[in-house]
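Read the structure below first, then the notes.
The values are calculated or read from the model by the stated rules, or taken from the named source; none is laboratory data. Computed from a prediction, not measured in an experiment: that's the story for all the values here. As a convention, Cβ positions derive from the backbone with ideal geometry for all residues, glycine included, and neighbour counts pool all protein chains shown. Note: areas computed on protein heavy atoms with side chains; ligands, DNA, RNA excluded. Shrake-Rupley method; radii C 1.70, N 1.55, O 1.52, S 1.80 Å.
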Amino acid sequence: MILAKTRKLLAGVAAATVAFGFAYAQQGPRGKSSYMPVEITEPFSAIFARLSAQKPEVTREHMALLNERYDLSNRPAAGVTMDRTKPVQQGVRVKLPEGKTWEALANMSPEQIREQNLFPKGFYPLPHPKHSEGGFVFPHFLIDEIKRQEGGRDLTRFDVEYDIPDHFLPEFPPAIYLNQRTDLGDVSQGKLVTIENYYGLFNGILPPKQIEGLRLLVTPFPQQQFNETEDRRSEKPSRGATCFDCHSNGHTNKATHLAPDARPQESRHRVVTPSLRGVQIQRLFGSQRALKTIEDFTQFEQAGAYFDGDQVIATKKGLNPLNRILQVDLMAEFQEELGFPPAPKLDVFGKLDPSKATPAELRGQEIFFGKGRCDACHAAPYYTDDLMHDLKTERFFKPEMINGLNEVGDGAVKTFPLRGIKDSPPYMHDGRLLTLDDTVEFFNLVLGTKLTGEEKRDLVAFLRTL
């Protein structure tokens with residue numbers, strides 16, 4: 001009797017263990033060690049030859065994915081530009097499933113869309129141009145300008161190309177607006193701020209400590225792919241990267257990489273560089289938003305993100321530990337001086353002045369604060385709530401592996417400020433939404449707001465005024 005009961009108990013425990021193991025397996029894959037190998041046995045010449053030879057096929061495969069998901073043509077909106085002259089792209093660029101309309105999809109439940117595999121592929125998380133490798137990848141216009149100004153420093157990677165076409169990216173070089181010197185307007189003089197010209201551009205405008213903070217922001221330091229080691233991804237040994245290589249002129253050029261704070265590799269999120277304009281009103285930083293001040297973020301970027309969150313490799317490649325008082329605070333003080341671009345149609349409360357706005361823009365504002373439910377997260381005057389929100393996009397599609405990325409939900413995403421939003425395409429943390437029209441369609445579907453075609457157009461018109 002006792003033996004029978006014991007066998008029954010053990011069988012139950014075994015069944016529970018199997019069930020637990022199955023449930024645990026469903027939580028997602030685990031990867032190999034989070035650390036890269038410290039000792040590299042393959043010579044650089046062999047690494048360079050192997051990865052350079054693979055680059056055309058890596059590029060072809062990734063661009064095929066983009067062309068499958070998007071209309072990448074150059075179709076600017078008439079009379080709508082960014083800070084200066086670069087046209088803003090118009091229209092929904094995400095391709096619909098064959099035979100479907102946006103209205104038809106909006107009338108379906110998330111479960112129906114998921115079961116019928118109808119979630120537009122352009123709304124899926126976007127893979128890094130080489131997701132298995134990751135690391136910083138820069139647009140060509142930034143690479144070319146750095147080479148022109150700084151001679152030998154080259155941000156070209158021999159293993160991967162930047163992917164999003166230039167006409168979808170922010171104006172370059174971006175304008176610079178200072179919170180305490182709004183009378184000066186754009187102080188960039190149409191130039192990209194680098195170590196070669198920062199002093200001449202800002203001497204007499206900024207106090208010395210902010211100029212020193214800016215100097216550090218444009219000084220190259222070793223970085224995972226750009227350094228002197230044999231496993232670098234630049235052909236020649238590199239002095240490294242600067243903060244403003246990604247945040248051009250304190251804004252963004254949408255340089256991309258993988259968030260450093262998740263593993264395994266295929267579960268890491270692609271991120272594009274956010275703008276630093278208006279950073280003084282933000283209180284969440286880093287891809288997991290675990291950092292609460294711009295000082296924390298500045299220190300973390302060089303100690304963590306620059307090296308994919310691997311402190312062992314950081315030590316090998318030349319980690320530059322920043323002094324909190326003598327360096328980090330000065331860098332942060334300059335960043336907090338970076339202002340949003342002018343929005344002449346907005347009043348002091350961040351709402352439209354009826355005497356300056358068009359009827360379509362006013363209707364769009366009503367939708368933003370009403371049926372569209374945009375203000376639930378994007379509250380005026382800066383159009384953010386400084387919080388994280390999980391859109392639960394996994395309701396709409398089944399997980400699958402695409403180009404090295406484990407396509408699952410996004411998890412909690414930071415509410416970015418919408419002030420100056422037309423100057424910061426593409427959108428979402430990974431750049432998957434190429435235009436404001438795409439963004440409106442995405443949230444209309446994910447939030448279930450069922451906007452009409454005219455309401456969507458009016459909402460885009462309002463967003464362009466911000």
| said: If you take every residue apart from K316 with its C-beta less than 11 Å away from the C-beta of K316, what net charge results, scoring Lys and Arg +1 and Asp and Glu -1? | reply: -4
| Residue-count net charge about R432 - beta-carbon cut-off 9 Å; Lys, Arg +1, Asp, Glu -1 | 0
| remark: Between the residues Q280, Q335, P110, the Cα farthest towards the positive end of the dipole of the chain, that dipole coming from +1 and -1 charges on the beta-carbon of Lys, Arg, Asp and Glu, is from P110
| query | Where in segment 142-175 is the amide nitrogen less than 19 Å from a point lying 7 Å along the Cα-to-Cβ axis of E42? | reply | 157-161
| said: Cut-off under 22 Å on the C-alpha distance; same-chain residues fewer than 8 positions from K292 excluded. Which lysines are left, in chain and number order? | reply: K414
| query | So how far, in whole Å, is the C-alpha centre of segment 324-384 from the one of segment 155-179? | reply | 23
| request: Using amide H atoms built 1.01 Å from N in the peptide plane, name the residues 5+ places from Y70, or on other chains, whose amide H lies under 5 Å from its own. | output: K95
| At a Förster distance of 22 Å, what's the computed FRET efficiency of E103 paired with E366, Cβ-Cβ distance as r, to 0.05? | 0.55
| task | Please give, to one decimal in nm, the separation of the simple spin-label points placed at L184 and I402, each 7 Å out from Cα toward the Cβ. | result | 4.5
| Once you charge only the Cβ atoms, +1 for Lys and Arg and -1 for Asp and Glu, what is the size of the charge dipole of segment 343-466 about its Cα centre, to the nearest 20 debye? | 240
| note | Longest the chain segment clear of trypsin sites (Lys or Arg not before Pro) sitting in DSSP loops (not H, G, I, E or B) with at most 10 other Cβ atoms within 10 Å runs 33-466
| task | Putting +1 on Lys and Arg Cβ atoms and -1 on Asp and Glu Cβ atoms, find which of H131, I294, G318 reaches farthest to the positive end of the dipole of the chain. | result | H131
| remark: For P43, the net charge from surrounding residues (Cβ-Cβ under 12 Å; K, R +1; D, E -1) works out to -2
| query | In square angstrom, what is the accessible area per residue of segment 71-151 with a 1.4 angstrom probe? | reply | 45
| Zone of A78's modelled label, taken as backbone nitrogen in segment 421-459 under 17 Å from a point 7 Å along Cα→Cβ | 457-458
| remark: So D166 and D329, fully extended at 0.36 nm per residue minus their Cα-Cα distance, gain in nm 55.3 nm
| query | How large is ³J(HN,Hα) for each residue in segment 385-390, as worked out from phi by the Karplus curve 6.51 cos²θ - 1.76 cosθ + 1.60 (θ = phi - 60°), to whole Hz, x for Gly and Pro? | reply | 10, 6, 10, 10, 9, 9
| task | Determine the share of segment 23-164's accessible area contributed by carbon and sulfur atoms, expressed in whole percent, with a 1.4 angstrom probe. | result | 52
| request: Rank these residues by their accessible area, most exposed first, probe 1.4 Å: V58, V312. | output: V312, V58
| query | Going by a ≥ b ≥ c, the root eigenvalues of the Cα gyration tensor, does the chain fall in the rounded group (a/c under 1.5), the prolate group (a/b larger than b/c) or the oblate group? | reply | oblate
| With every protein chain present, what accessible area does H140 have (1.4 Å probe, heavy atoms only), rounded to the nearest 10 Å²? | 80
| said: Can you give me the accessible area per residue for segment 406-466, using a 1.4 Å probe, in Å²? | reply: 26
| Spatially proximal lysines relative to K86 (Cα-Cα < 26 Å; intrachain offsets below 8 disregarded) | K95, K147, K191, K254, K345, K351, K356, K422, K456
| field | Extended-chain gain in nm, criterion 0.36 nm per residue less alpha-carbon gap, D71 and Q112 | value | 12.2 nm
| request: Identify, among A64, Q89, I143, the residue whose Cα sits farthest towards the positive end of the charge dipole of segment 48-160, taking +1 on the Cβ of Lys and Arg and -1 on the Cβ of Asp and Glu, with the dipole about the Cα centre. | output: I143
| request: Enumerate the residues in segment 132-157 having an amide nitrogen under 14 Å from the point lying 7 Å beyond the Cα of S52 toward its Cβ. | output: 156-157
| Estimated vicinal HN-Hα couplings, Hz - segment 145-160 in sequence order (Karplus 6.51, -1.76, 1.60; Gly, Pro = x) | 6, 5, 4, 5, 7, 10, x, x, 7, 10, 9, 6, 9, 7, 10, 7
| query | Magnitude of the Cβ-charge dipole of the chain, K/R +1 and D/E -1, about the Cα centre, nearest 20 debye? | reply | 940
| Residues with amide H under 5 Å of V80's amide H, sequence separation 5 or more or different chain, H placed in the peptide plane at 1.01 Å from N; which? | V88
